[in-house]
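Colleague: Before we start, here is the structure in question, set down as structure tokens.
The values are calculated or read from the model by the stated rules, or taken from the named source; none is laboratory data. Since the structure is predicted, the reported quantities are computational estimates derived from the model, not experimental observations. With ideal geometry, Cβ positions are generated from the backbone for all residues, glycine too; neighbour counts draw on all protein chains shown. SASA here: full protein model, heavy atoms, side chains in, ligands and nucleic acids out. Shrake-Rupley method; radii C 1.70, N 1.55, O 1.52, S 1.80 Å.
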Amino acid sequence: MGFVLLVIMAGFWASYFGAERPVPLAFHVHAISAMTWLALLIGQHLTIQRRAHALHSQMGRASFVLFPFLILGFVMIINVTAANFARGDDPFADRLGPAFGIGMGIAIAAYLTLFYLALRNRRNVRLHAGYMLATPLILFESPFSRVMGEYLPWMNVIGSPFPQAILDTIALSDILACLFALTLFAMNRKYGAPWLVATGFMLLQAAAMWFAPSIPAVRTAFGVYATIPPVNMMVIGVAAGAATAWAGWQAGKLRPKRLSAPARA
């Protein structure tokens, strides 16, 4: 988690943390919710290590409020990207907007899935922790691709021309995160399901984003998305986050064992 925080600071320093120009509200919502989520994960780890079960449980319940806010931040970023794409006056947004949109959509699906499974398996410590700690991997590509592009261009072994080169760095960042996840899976296969789930989503994200600019249907679908009122998608995002938290909590409840009928004489 500490390494992820360093990568976030380095990757988003120029465009957010150290930006001289005002940034859209969506960026603030996304940054605050994502950083708070990371802080929650670190806090959850520390409390359970110190046997502070009551505090750990309280922080877990706080995630029911934070998680819909986290999904809201994702949706707001998609909305900004869709608005820039719909205007048609930015060649960069016209070329890469649909790729960023589908990438964030896959990230939302991954977060919903991982959080649901974390709550459903909350009585299995290793699975619960694995699903929670796998969530930051899904968006690792976002800051690390910027680090790669700005400071480590030699890592882009694909070497596509600009702006496809940006999608090169995203795909390679996803692949690196997949290798990390698969290493964790190999270290403990019995409880390695979270890392396989995360790997599946990251591979899908890498492929979908890289090929998106060459698939007309993706551009068409993103254009349709851009016509939907942003507030509608924000409400849907919050509702999806809240519904996932509720469904996961319900699925993780202990089920009373059914008593067998007494044998008849």
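Colleague: Can you find a residue in the stretch 11-27 that is polar (S, T, N, Q) and under 18 Å from residue 136 (Cβ atoms)? Spell out the reasoning first.
Modeller: Going residue by residue through the stretch 11-27, those that are polar (S, T, N, Q) are 15.
Pick out the ones that are also under 18 Å from residue 136 (Cβ atoms) and you get none.
No; the residues of the stretch 11-27 include none that is polar (S, T, N, Q) and under 18 Å from residue 136 (Cβ atoms).
Colleague: Give the number of residues within the stretch 123-145 that are within 14 Å of residue 1 (Cα to Cα) and outside any helix (DSSP H, G or I).
Modeller: Qualifying residue count, the stretch 123-145: 2.
Colleague: Looking for something open to solvent by 30 Å² or more (accessible area, probe 1.4 Å), among the aromatic types (Phe, Trp, Tyr) and in a helix (DSSP H, G or I) - is there at least one such residue anywhere in the stretch 114-121?
Modeller: For the stretch 114-121, residues open to solvent by 30 Å² or more (accessible area, probe 1.4 Å), among the aromatic types (Phe, Trp, Tyr) and in a helix (DSSP H, G or I): present.
Colleague: Also, quick follow-up: Please tell me if residue 220 is free of Cβ contacts under 8 Å to residues at least 40 places away in the same chain, of a type in the set (S, T, N, Q) and either in contact with a helix residue (DSSP H, G or I) (Cβ under 7 Å, 6 or more places away or on another chain) or under 22 Å from residue 124 (Cα atoms) (or both). Reasoning before the result, please.
Modeller: Working: free of Cβ contacts under 8 Å to residues at least 40 places away in the same chain: yes; of a type in the set (S, T, N, Q): yes; either in contact with a helix residue (DSSP H, G or I) (Cβ under 7 Å, 6 or more places away or on another chain) or under 22 Å from residue 124 (Cα atoms) (or both): no.
Answer is no for this residue.
Colleague: Out of 75, 80, 23, report the one residue that is open to solvent by less than 60 Å² (accessible area, probe 1.4 Å) and within 16 Å of the chain's Cα centre (by Cα).
Modeller: Numbers: 80 fails: within 16 Å of the chain's Cα centre (by Cα); 23 fails: within 16 Å of the chain's Cα centre (by Cα).
Going through 75, 80, 23 in turn, the sole match is 75.
Colleague: To continue, here is another question. Going through 126, 146 one at a time, which residue ends up being on the phi < 0 side of the Ramachandran plot and buried (at least 19 other Cβ atoms within 10 Å of the Cβ)? Explain how you work it out, then say what you get.
Modeller: Values: 126 fails: buried (at least 19 other Cβ atoms within 10 Å of the Cβ).
Sole residue among the options that is on the phi < 0 side of the Ramachandran plot and buried (at least 19 other Cβ atoms within 10 Å of the Cβ): 146.
Colleague: Related question: Does residue 115 satisfy the condition of being over 26 Å from residue 226 (Cα atoms), of a type in the set (Phe, Trp, Tyr), modelled with pLDDT of 90 or more and in contact with a Phe, Trp or Tyr (Cβ under 7 Å, 6 or more places away or on another chain)? Lay out the reasoning, then the answer.
Modeller: Working: over 26 Å from residue 226 (Cα atoms): yes; of a type in the set (Phe, Trp, Tyr): yes; modelled with pLDDT of 90 or more: yes; in contact with a Phe, Trp or Tyr (Cβ under 7 Å, 6 or more places away or on another chain): yes.
So residue 115 fits the description; yes.
Colleague: Mind checking which residues of the stretch 153-172 are touching a helix residue (DSSP H, G or I) at 6+ places or on another chain (Cβ under 9 Å) and in a loop (DSSP other than H, G, I, E, B)?
Modeller: 156, 157, 158, 159, 160, 163, listed by residue number.
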